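Enquirer: This is the structure I have questions about; it appears just below.
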Amino acid sequence: MSLLYQSSTALHPRLLPYVADTITRFSYLHPTVEVLFDGESLRILGPDSGDTDLFRELMFCLYREKILAQTLPLRQMLIEGVTGRDRRSL
């Protein structure tokens, strides 16, 4: 893979649990870009990584994964309340 552009940033430890899901989602959206994680920072590599907004989009995906995970229990309670079904009883 030729390296045309590389961007990297160190992540706050609170974001680390969401990295794997972020990489999966981002890789699906941008199959020609490789996302690397070394345990504390993210890097993007690849022929299509020359777009300066691409890294910003990766960070937005990370933020979305964090919000999704944090709000999942609330969304489940709301759905249970509206439908009258307790997910635990299924």
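Any read-out appearing in this document is the output of simple, stated calculations on the displayed coordinates, not a laboratory observation. Since we're looking at a predicted model, the values are computed, not measured. Note: ideal-geometry Cβ built from the backbone for every residue, glycine included; neighbour counts use all protein chains shown.
Enquirer: Starting from the Cα of M77, step 7 Å along the direction of its Cβ; do the same at L36; then give the gap between the two resulting points in nm.
Expert: Taking the two extended label points, one gets 4.3 nm.
Enquirer: I'd like the Karplus ³J(HN,Hα) series for segment 68-76: coefficients 6.51, -1.76, 1.60, θ = phi - 60°, whole numbers in Hz, and an x wherever there's a Gly or Pro.
Expert: Those phi angles translate into 4, 5, 6, 9, 4, x, 5, 5, 5 Hz.
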